[in-house]
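See structure below.
The values are calculated or read from the model by the stated rules, or taken from the named source; none is laboratory data. In this text the structure is predicted, and so the values were computed from the model without any measurement. Cβ placement follows ideal geometry from the backbone for every residue including glycine, while neighbour counts extend to all protein chains displayed. Keep in mind that these areas ignore ligands, DNA and RNA; they rest on the heavy atoms of the full protein, side chains included. Shrake-Rupley method; radii C 1.70, N 1.55, O 1.52, S 1.80 Å.
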Amino acid sequence: MRLAIAACAIALAIFAGIFGYLIVSKPQMAGVEQAAAPAALAPAESRPSGPPQTVRTVAEVPPVALPAPTAVAPAAVAPSAVESSPTVAQRNIAPVEQPPAIFAQAPLPKAPPAPPQAKAAAPACSNPNALGVARTVEIDTSGGPGFGFEHFRQHDFLEPGEVVLTYDDGPWPQRTMAVVNALAAHCTRAVFFPIGKHATYEPGILKQVAAGGHSIGSHTWSHQNLAAKPVQEGKNEIEKGISAVAWAVGGPTAPFFRFPALKHPPELVSYLGERNIAIFSTDMDSFDFKMRKPEQVRNAVMAKLKKFGKGIVLMHDFQQATAAATADLLNDLKAGGYKIVHMRARAPITTIASYDEEIRKDSKLPTVSSKPTSSVVRTVNE
């Protein structure tokens, strides 16, 4: 019996020891589990976001050409995350070849508009009594607007005392340049309507007209009365004249046109509208082609200006009397208090290739010699 009691006591002691050991060691195990928990249950914002090499690859991709690079810059990465992350070579991951999706999805900002280029300052006028240009108006020629109250009452844009000077039928030796020089002396500008055939005779003169800052339109190829021509012949006259003037100037010309004799066939008026070419009539015709003396031209223009008070004046740089009268006429306008308005086109005219080619063929007939004029013509006696 005593042996049985002793065995039970020993067994109880052993059990108590084991139970006590378990009780003592459990808090330590719980502490281990609790110590491991923060790493497993840390808030999402405290964990690295995605594989660290992705961020670095975005930085290593060559920059995309963008107008504003900051608009699509990748999010900043904490230095500790970058420093602790393995390199691409260490992780054995190939570098990204293309920009990540954020570059494709982010809307690209529009490129900022180019700053307007500063216009060249107009050369100073050396004439203290110059007529000058009071204002310049830009013409939108779309639809073929008409100017000049003798035939078109659509656009009344001139103020009292304002004058637009226009010249037809040039270019012509000596005469056109007399007009251009007189205008230059007064630092003022006009609108010229040259005949296409004349332009091919004297391209150098027409280039000087353009260099003076004047607007250059056209006045048909050979100054025909288009009202007496079939419509297609009229179109040919118009287009060949336009191409001839553009060829002679060697640069942009204005989509301005004046009909010879101020005859306006309705079909051709519509055609010019389709071509977006403005049609010029006049407010007052000087009828200078009927005059032989410069004083007659001056008196005719000034008398009509006194009557109407303003307007588009039609003259002819082809006429000798007009060429001789221009300098004094400009003095008269200055003395009378009139102001010059310069009309220019918003956009240059577009020629038609087939007529351009026709002008090129007409202007250069084939010859055997190709030597320059200076080696063909030599002055031997003056």
* Count - residues of region 143-179 that are of a type in the set (Asp, Glu), crowded, with 18+ Cβ neighbours inside 10 Å and in contact with a helix residue (DSSP H, G or I) (Cβ under 8 Å, 6 or more places away or on another chain) -> 1
* When only residues in region 180-199 that are in contact with a Phe, Trp or Tyr (Cβ under 9 Å, 6 or more places away or on another chain) and either of a type in the set (D, E, K, R) or closer than 17 Å to residue 285 by Cβ (or both) count, which is surrounded by the most Cβ atoms within 10 Å (Cβ to Cβ)? -> 192
* Extreme residue, farthest from the chain's Cα centre (by Cα), among residues of region 244-268 that are of a type in the set (A, V, I, L, M) and within 10 Å of residue 226 (Cβ to Cβ) -> 261
* Structure fact -> Within region 328-355, the residues that are among the aliphatic types (A, V, I, L, M) and surrounded by fewer than 17 Cβ atoms within 10 Å (Cβ to Cβ) are 335, 347, 352, 353
* Hey, among 222, 218, which residue is hydroxyl-bearing (Ser, Thr, Tyr) and either over 35 Å from the mean Cα position of the chain (by Cα) or open to solvent by 10 Å² or more (accessible area, probe 1.4 Å) (or both)? -> 222
* To do: Give 241, 204, 213 a once-over and let me know the one that is open to solvent by 10 Å² or more (accessible area, probe 1.4 Å), closer than 30 Å to residue 333 by Cβ and over 24 Å from the mean Cα position of the chain (by Cα).
  => 204
* **Tabulated pairs, region 207-236, first part of a helix (DSSP H, G or I) and modelled with pLDDT of 95 or more, second buried (at least 19 other Cβ atoms within 10 Å of the Cβ) and small (Gly, Ala, Ser), C-beta under 6 angstrom, 6+ apart or interchain** => 226/234
* Asked: Quick one: would you say residue 325 is aliphatic (A, V, I, L, M), within 24 Å of residue 214 (Cβ to Cβ), more than 37 Å from the chain's Cα centre (by Cα) and open to solvent by less than 30 Å² (accessible area, probe 1.4 Å)?
  -> yes
* To do: With the condition kept exactly as written, say whether any residue in region 298-309 is open to solvent by less than 90 Å² (accessible area, probe 1.4 Å), among the polar types (S, T, N, Q) and not in a loop (DSSP other than H, G, I, E, B).
  => no
